[in-house]
1. Which one, V50, G19, V31, projects farthest toward the positive side of the charge dipole computed for the chain from Cβ point charges (K/R +1, D/E -1)?
2. Where is the GNM fluctuation largest for the chain (alpha-carbon springs, 10 angstrom cutoff): A17, A53, A41?
3. What is the distance, in nm, between label points placed 7 Å from the Cα along the Cα-to-Cβ direction at D36 and at E62?
4. Calculate how large, on average over all directions, the projected area of the Cα convex hull of region 1-40 is; give the answer in nm² to one decimal.
5. From the helices alone, meaning DSSP H stretches of at least four residues, give me the mean residue ellipticity at 222 nm for the chain, per-run term -39500 (n - 2.57), in deg cm²/dmol to the nearest 500.
6. Could you tell me what percent of the accessible area of the chain is made up of carbon and sulfur, with a 1.4 Å probe and every protein chain present?
7. Within the set of other residues whose C-beta is less than 9 Å from the C-beta of R69, count the net charge using Lys and Arg as +1 and Asp and Glu as -1.
8. Expected output is a single nm value to one decimal: the length gained when fully extending between C26 and A53, i.e. 0.36 nm times separation in residues minus the C-alpha distance. What is it?
Amino acid sequence: NQTVTTFDLCSTEEYLAQGEEKRRECWITVVMYGPDGENFAGDARQGDWVAVAGKLQQRRWETEDGQKRSKHEIVAFSAEVKR
C-alpha cells in the first residue's frame, strides 16, 4: 500500500514560422510512488519549473465499448522544483 502522486508536466517550445510567433506544447503525466511523491506534491505549485528523472512507459487498455487507448507516462524516481 503506497500512495500514488500524479501530475501533468508541460514542455513548451516557442518558435517563428513564416515570421509569426508560434507555441507548441507537449503534455505528459508523471507518476510517483510513496513518500517521494508526497513530498514533491507538497512543494510544487502550478507553473513551477521541475526536473524529473524516471522511466518512460506506455499503458494500454480497452474501454468498455471496445475502443483501444494508450497513454505515455513517466514513472519518476525523483523530481524537484527548480525555482
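The values are calculated or read from the model by the stated rules, or taken from the named source; none is laboratory data. As the structure is a prediction and not an experimental result, all values here were calculated from the model. Every residue, glycine among them, receives a Cβ derived from its backbone with ideal geometry; neighbour counts consider all protein chains shown. For the accessible areas, the whole protein counts, side chains as well, though only heavy atoms, and no ligand, DNA or RNA atoms are used. Shrake-Rupley method; radii C 1.70, N 1.55, O 1.52, S 1.80 Å.
1. It is V31.
2. Evaluated over the chain, the most mobile residue of the options is A17.
3. 3.4 nm
4. Taking the Cα atoms of region 1-40, their convex hull projects to 3.0 nm² on average.
5. -3500 deg cm²/dmol, from helical runs alone.
6. C and S atoms contribute 44 percent here.
7. In short, +3.
8. Taking C26 through A53 to full extension adds about 8.0 nm, to one decimal.
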